[in-house]
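> Sharing a structure here in structure tokens format.
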């Protein structure tokens, strides 16, 4: 950004300069800004139809947790706003219609399910002296495993290693014990439940990426650098099993805009 000049940087990009000065200790007026990969967008999510309904009756999803799918293989700027405004409203309307069409609810079954889940959490995480793992150690190892094996560039070898590591981490997760055993305002409990979800997502990502032998959007396989529409112009769907996830596929509906080549930076 040095060529832009201090006056224009202060007018157009003051926050960028402030971040560089406060967090990196450099001034972009005179110095180059270091660049590194970060998590910016999410392609995929909970599979829904155009009315935000999932395959589970009564469950609706909208926003970046859902895959309706506006995002495609590489999310463009402002798509998240459309996801929220359009499909957030559709999810609400669909939920209301579902409630009207299903006026009776088995409250006893719901209460029993909630009690069962509370008991599972208590047995798994609130057991003084029985746990051997911490949230921080597993989360750190998960970050490293995905950065190395399923980062910007992936290969069959790296993804197989990542799949094995995630499988091992899920086993270690069973031995996590919380340091905080209080039953109110327990932020550590929130963190351990979030970690369980992170492991589930990591498992879905690594196994679906391993089976997708092509490059598409942000999925870049160094051993399969070309896009393969004949085999993989499909959505990957991960289903939970007692072991590794089952990966299936659903067709992509193309209307006005067919897939194009990824040509960032080209004229």
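> Identify, please: which residue in the range 165-189 is out of contact with any helix residue (DSSP H, G or I) (no Cβ under 7 Å at 6 or more places or on another chain) and farther than 18 Å from residue 128 by Cα and is, among those, modelled with the lowest pLDDT?
If we take residues in the range 165-189 being out of contact with any helix residue (DSSP H, G or I) (no Cβ under 7 Å at 6 or more places or on another chain) and farther than 18 Å from residue 128 by Cα, then 185 is modelled with the lowest pLDDT.
> Against the definition (in contact with a strand residue (DSSP E or B) (Cβ under 7 Å, 6 or more places away or on another chain), at pLDDT 95 or above and either exposed (fewer than 11 other Cβ atoms within 10 Å of the Cβ) or over 21 Å from residue 200 (Cβ atoms) (or both)), how does residue 73 come out, yes or no?
So residue 73 does not fit the description; no.
> Could you grab me the full set of residues in the range 33-48 that are closer than 26 Å to residue 260 by Cα, touching a helix residue (DSSP H, G or I) at 6+ places or on another chain (Cβ under 9 Å) and modelled with pLDDT of 80 or more?
Correct list: 44, 45, 46, 48.
> Somewhere in the range 213-220, is a residue surrounded by fewer than 19 Cβ atoms within 10 Å (Cβ to Cβ), in a loop (DSSP other than H, G, I, E, B) and under 15 Å from the mean Cα position of the chain (by Cα)?
Of all residues in the range 213-220, those surrounded by fewer than 19 Cβ atoms within 10 Å (Cβ to Cβ) come to 213-214, 217-218, 220.
Keeping just the survivors that are in a loop (DSSP other than H, G, I, E, B) gives 213-214, 217-218.
Still in the list and also under 15 Å from the mean Cα position of the chain (by Cα): 218.
Yes, the range 213-220 contains a residue that is surrounded by fewer than 19 Cβ atoms within 10 Å (Cβ to Cβ), in a loop (DSSP other than H, G, I, E, B) and under 15 Å from the mean Cα position of the chain (by Cα).
> Scan the range 150-175 and report the pairs whose first residue is surrounded by 14 or more Cβ atoms within 10 Å (Cβ to Cβ) and whose second residue is in a loop (DSSP other than H, G, I, E, B) and at pLDDT 95 or above, with Cβ atoms within less than 6 Å and a gap of 6+ or a chain change.
What qualifies is 155/222; 155/223; 156/223.
> Another one. For the range 95-111, check the following and say yes or no: at least one residue is within 27 Å of the chain's Cα centre (by Cα) and free of Cβ contacts under 8 Å to residues at least 12 places away in the same chain. Reasoning before the result, please.
Within the range 95-111, the subset within 27 Å of the chain's Cα centre (by Cα) is 95.
Add one more test, that the residue is free of Cβ contacts under 8 Å to residues at least 12 places away in the same chain, and what stays is none.
No; the residues of the range 95-111 include none that is within 27 Å of the chain's Cα centre (by Cα) and free of Cβ contacts under 8 Å to residues at least 12 places away in the same chain.
> Any residue that is at pLDDT below 95, under 21 Å from residue 203 (Cβ atoms), in contact with a strand residue (DSSP E or B) (Cβ under 8 Å, 6 or more places away or on another chain) and surrounded by 11 or more Cβ atoms within 10 Å (Cβ to Cβ) - is there at least one of those in the range 107-121?
No, the range 107-121 contains no residue that is at pLDDT below 95, under 21 Å from residue 203 (Cβ atoms), in contact with a strand residue (DSSP E or B) (Cβ under 8 Å, 6 or more places away or on another chain) and surrounded by 11 or more Cβ atoms within 10 Å (Cβ to Cβ).
> Could we say that residue 98 is in contact with a strand residue (DSSP E or B) (Cβ under 7 Å, 6 or more places away or on another chain) and part of a helix (DSSP H, G or I) here?
Taking the combined requirement at face value, the residue does not satisfy it.
> In this structure, is residue 54 at pLDDT 90 or above, surrounded by 14 or more Cβ atoms within 10 Å (Cβ to Cβ) and within 28 Å of residue 236 (Cβ to Cβ)?
yes
> Can you tell me which condition residue 60 does not meet? The list is (1) modelled with pLDDT under 95; (2) in contact with a helix residue (DSSP H, G or I) (Cβ under 6 Å, 6 or more places away or on another chain), and all the others hold.
Result: residue 60 passes all but (1).
> Please find, within the range 151-189, the residue that is farthest from residue 118 (Cα to Cα) out of those that are part of a helix (DSSP H, G or I) and in contact with a strand residue (DSSP E or B) (Cβ under 9 Å, 6 or more places away or on another chain).
156
> Just to check your reading of the model, which residue among 188, 226, 230 is free of Cβ contacts under 8 Å to residues at least 12 places away in the same chain and either over 20 Å from residue 151 (Cα atoms) or surrounded by fewer than 14 Cβ atoms within 10 Å (Cβ to Cβ) (or both)?
Checking each option against the conditions leaves just 230.
> Which of the residues belonging to the range 1-60 are assigned to a loop (DSSP other than H, G, I, E, B), farther than 30 Å from residue 217 by Cα and touching a residue at least 12 places away in the same chain (Cβ under 8 Å)?
Those that are assigned to a loop (DSSP other than H, G, I, E, B), farther than 30 Å from residue 217 by Cα and touching a residue at least 12 places away in the same chain (Cβ under 8 Å): 5, 28, 29, 30, 31, 57, 58.
> If you don't mind, there's one more thing I want to ask. Going through 232, 185 one at a time, which residue ends up being at positive phi and over 17 Å from the mean Cα position of the chain (by Cα)?
Checking each option against the conditions leaves just 185.
> Sort through 250, 236 and tell me the only one that's touching a residue at least 60 places away in the same chain (Cβ under 8 Å) and surrounded by 15 or more Cβ atoms within 10 Å (Cβ to Cβ).
Going through 250, 236 in turn, just one is touching a residue at least 60 places away in the same chain (Cβ under 8 Å) and surrounded by 15 or more Cβ atoms within 10 Å (Cβ to Cβ): 236.
The values are calculated or read from the model by the stated rules, or taken from the named source; none is laboratory data. Worth saying up front: this structure is predicted, and the values here are computed from it rather than measured. We place every Cβ from the backbone using ideal geometry, glycine too, and count neighbours over all the protein chains shown.
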